[in-house]
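Trainee: One structure follows; several queries about it will come next.
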Amino acid sequence: MTSDAMAAKLDRIRTRFERLRELEAEHGFGVVLVDGAALEPLPGVPEGTFEVFRIIGKIEGSNFRFEQPAEIGSAAAFQARPDNPHDPLGPALSIGCELHSVPPRLRDEIDGGEGISLDLEEGDVYHIDPDDYVFLYEHPDEDVDIHVLAPDIVTFFDEYVLGEKYPQMVDTILGPGVREQRVRKGRFQGQYADTWLRLLVTAGIVS
C-alpha cells in the first residue's frame, strides 16, 4: 500500500470513528468506543498498527471486541510477549475477538471467544477456527482453512470494522444467519441484535 493510500484510509478511520462515537452517544445502543493512546513505533510490528491504535483504543459491540494489544504499549511489553517457536502460524498479536459465543452474563469473567490476529511477519489480519488451529498444531504439514480478512491492519479497520464489509466478517466468523438476528422486544425491537451493525446502519455505512 502506498503512503498516500494508507493516509487516506487512516483519515477515513478517524472520521468514521468520531462520527460513530457521536451517534452512539445520541442513540445509546450500548457500543463501547474508546480513544486510542499515544504510541511509539516498535521494530517488528507491521506498518500501520500504531497509527490505527492511536485512533482506536477499543471498540466493543454485542458480537465483537477490538482493542489495542497490551504488547505494543512499550518496548518492554513487546519484548516480554510470549514466544512460541513451534506455533504453526508464526508470531502474531491478538487485535480482537468474537463475543457471540460468550453469554452476556459471563463476559466479565471470560475475555472473549475466537480471536482475530495480526500476523507479525506477513502483516495480514486473519481468523482461524480453534479446532483447526489445534489440528494444524498437531499436523503442521496439513492444510486447514485460515480466513485472511485483510492484507494489512489499516485495510482491516477501514473496510471490515468501520466499513461496508463488516457483515462479510460476521458471516465468515460467526456463520450465516447471525447478522440477521433482530431484537425481539423493548426499545430497539425489530432492529439488528448486533449493536455494532446497528450503529453502522444508522451511520449509513452499511445498508
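The values are calculated or read from the model by the stated rules, or taken from the named source; none is laboratory data. Everything numeric in this text was worked out from a predicted model, so none of it was measured. Neighbour counts run over all protein chains shown; Cβ positions are idealised from the backbone, glycine included. Just so you know, the surface numbers come from the protein's heavy atoms only, side chains and all, with ligands and any DNA or RNA stripped out. Shrake-Rupley method; radii C 1.70, N 1.55, O 1.52, S 1.80 Å.
Trainee: For R107 and H27 in one chain, what is 0.36 nm times their gap in residues minus the Cα-Cα distance, to one decimal in nm?
Mentor: Once the chain is fully extended between R107 and H27, it gains 26.5 nm.
Trainee: Still on this structure: Quick check: at a probe of 1.4 Å, how many percent of the accessible area of the chain sits on carbon and sulfur atoms?
Mentor: 47 percent
Trainee: Rounded to the nearest 0.05, what FRET efficiency do A38 and D4 have when you use their Cβ-Cβ distance and R0 = 30 Å?
Mentor: Efficiency computed from Cβ-Cβ geometry: 0.80.
Trainee: Segment 10-37 to segment 54-131: how many Å between their Cα centroids?
Mentor: Computed from Cα coordinates, the inter-centre distance equals 20 Å.
Trainee: With each pseudo-label sitting 7 Å past Cα toward Cβ, what's the E142-K185 distance in nm, one decimal?
Mentor: 4.6 nm
Trainee: Could you tell me which of P41, Y160, Y133 has its Cα farthest along the dipole of the chain towards the positive end, charges placed at Cβ (Lys, Arg +1; Asp, Glu -1), taken about the Cα centre?
Mentor: Going by the Cα projections, it comes out as Y160.
Trainee: What are the residues whose amide H is under 5 Å from the amide H of I56, where those residues sit 5 or more places off or on another chain and H is modelled from the backbone?
Mentor: G36
Trainee: What aspartates and glutamates does K9 reach when the alpha-carbon gap must be under 15 Å and sequence neighbours fewer than 8 apart in one chain are set aside?
Mentor: Those aspartates and glutamates meeting the cut-off are E18, E47, E51, D152, D158, E159, E164.
Trainee: Return one whole number: the accessible area per residue of segment 14-123 in Å², for a 1.4 Å probe.
Mentor: 52 Å²
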